[in-house]
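The values are calculated or read from the model by the stated rules, or taken from the named source; none is laboratory data. These numbers come from a predicted model, not from an experiment. Reconstructed Cβ throughout: ideal geometry from the backbone, glycine too, with neighbour counts over all protein chains shown.
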Amino acid sequence: FDELGKRLPAKLSPSTEKWSPPTDPYVKVNFGAAFKEHRRQSRSGFVIRDMDGQIVGSGMVINPHIPDAFLAEALACV
């Protein structure tokens, strides 16, 4: 842990990027993926929010036979 501490920045700055709502009549879709190499499997998830930030839809799917993390991320956005 000492060696890891030396390599990390002394102070992490908080992210200034915040979620911003879409304009009416649009919705905003956020997605992500997780990849397990030893199982060759990924999970993709998404959340859809309206202009008030209310969740109007969401979902998750398990993707079998995924060779790498790049494909896992690519599948998450389609």
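One table, with the values for the structure above:
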quantity: Leading residue by the ranking (surrounded by the most Cβ atoms within 10 Å (Cβ to Cβ)) among those in the range 1-21 that are among the polar types (S, T, N, Q) and modelled with pLDDT of 65 or more; calculated: 20
quantity: Any hit, the range 44-61, residues being among the hydroxyl-bearing types (Ser, Thr, Tyr), outside any strand (DSSP E or B) and either at pLDDT 95 or above or exposed (fewer than 14 other Cβ atoms within 10 Å of the Cβ) (or both); calculated: no
quantity: Among residues of the range 18-32, those that are assigned to a loop (DSSP other than H, G, I, E, B) and of a type in the set (A, V, I, L, M, F, W, C), counted; calculated: 2
quantity: Output for the range 62-78, where each listed residue is part of a helix (DSSP H, G or I) and free of Cβ contacts under 8 Å to residues at least 12 places away in the same chain; calculated: 70, 74
quantity: Count of the range 27-43 residues which are closer than 12 Å to residue 66 by Cα and surrounded by fewer than 12 Cβ atoms within 10 Å (Cβ to Cβ); calculated: 2
quantity: Condition broken by residue 24, with the remaining ones in (1) surrounded by 11 or more Cβ atoms within 10 Å (Cβ to Cβ); (2) modelled with pLDDT under 95 satisfied; calculated: (1)
